[in-house]
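The values are calculated or read from the model by the stated rules, or taken from the named source; none is laboratory data. Worth saying up front: this structure is predicted, and the values here are computed from it rather than measured. All Cβ positions, glycine included, derive from the backbone under ideal geometry; neighbour counts span all protein chains shown.
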Amino acid sequence: MLSAAPVERAFVAGATGFTGREVVRALRARNVETIAHVRPGSKALAKLAPVFEGLGASVDTTPWEPAALAETMRRLRPTLVFALLGTTRKRAKAEDGLSAKEAYERIDYGLSAMLLRAVLDAGIRPRFVYLSSLGVKEGATSPYFAVRARFERELRESGLPYTIVQPSFITGDRDEPRPAERIGAHIADAGLSLLGALGAKRLSARLRSIDAPALADILVTSALSPEKEGKTLRLDDVR
């Protein structure tokens, strides 16, 4: 029996990341036509392109240049755009010699903003799905939270349909070890389980860590849900 034809086309920016790979997998599991974006020259391209193609996704290597990205959006006309972009202090210093503040500005904010502007310049109206972080709010002093708050505001003001998801710790087997994050998540989850048992179930659901496959499922399910359009979702809204 032939499977149903895809009714959506998703463009996944940040597809080679920890969560992005799982988003590609979750989209294909739902028969969504999927384009996994990998920057030209990425060390992950040779390794992950066959994986994505094996899932039935296609790979796009448009450079991070405004005109090129806008042309790709015009050509592909995705109905869903996932912005799963970010870096870490360690990676920024090792690969680009950037301070954390510079890296968050250039990558976490800069690439997401470039993608948003490319969509607007292409004259299309996909659902724009943004992976943010719990703790993001206007007036945040942390550079990490501040750039994400700025992008969230720009996305809401863009006029595009959107969904923003704000998870807490994301756990699992990363290419880049983060022992402090893993230990912190374990300790926090133990305390939150106790809070949940004492009746604070919603708070516990909001703050508990989540692994990448579960988060990807939430991102994709929310992207495909009409009720989640125009919403900023914390994990207690969707667990």
*Enumerate the pairs (first residue in the range 20-31 and under 12 Å from Val7 (Cα atoms); second residue anywhere and surrounded by fewer than 19 Cβ atoms within 10 Å (Cβ to Cβ) and hydroxyl-bearing (Ser, Thr, Tyr)) with beta-carbon separation below 7 Å, excluding pairs fewer than 6 apart on the same chain, so at least 6 apart or on different chains.*
Asn31/Ser3
*How do the pairs read when you match residues in the range 88-116 that are surrounded by 20 or more Cβ atoms within 10 Å (Cβ to Cβ) with residues anywhere that are modelled with pLDDT under 85 and of a type in the set (Ser, Thr, Tyr), using Cβ under 7 Å and keeping only pairs 6 or more apart or on different chains?*
Ala103/Thr87; Ile107/Thr87; Asp108/Thr87
_For the range 19-133, give me every one of the helices (runs of 4 or more DSSP H) that falls completely inside it and has 3 or more residues that are of a type in the set (A, V, I, L, M)._
45-54, 66-76, 110-122
*Of all the residues that make up the range 1-47, how many are out of contact with any Pro (no Cβ under 6 Å at 6 or more places or on another chain), at pLDDT 95 or above, charged (D, E, K, R) and within 22 Å of Asp108 (Cβ to Cβ)?*
1
*Looking at the range 56-76, which of its residues are among the hydrophobic types (A, V, I, L, M, F, W, C) and either surrounded by fewer than 16 Cβ atoms within 10 Å (Cβ to Cβ) or touching a Leu at 6+ places or on another chain (Cβ under 7 Å) (or both)?*
Trp64, Ala67, Ala68, Leu69
_Check on Gly123, exposed (fewer than 15 other Cβ atoms within 10 Å of the Cβ) and either at pLDDT below 95 or in contact with a Pro (Cβ under 6 Å, 6 or more places away or on another chain) (or both)_ = no
*Answer with yes or no whether Val165 is under 21 Å from Ala15 (Cβ atoms) and surrounded by 18 or more Cβ atoms within 10 Å (Cβ to Cβ).*
yes
_Answer residue from the range 17-52, given it is crowded, with 21+ Cβ neighbours inside 10 Å and β-branched (Val, Ile, Thr) and is farthest from Arg75 (Cα to Cα) among those_ = Thr19
*Please find, within the range 134-167, the residue that is farthest from Ala216 (Cα to Cα) out of those that are among the small types (Gly, Ala, Ser) and assigned to a helix (DSSP H, G or I).*
Ala146
_So the check is Cβ under 6 Å with 6+ separation or different chains; which pairs have a first residue in the range 147-158 that's farther than 13 Å from Met114 by Cα and a second one that's assigned to a helix (DSSP H, G or I) and of a type in the set (Phe, Trp, Tyr)?_
Val147/Tyr104; Val147/Tyr109
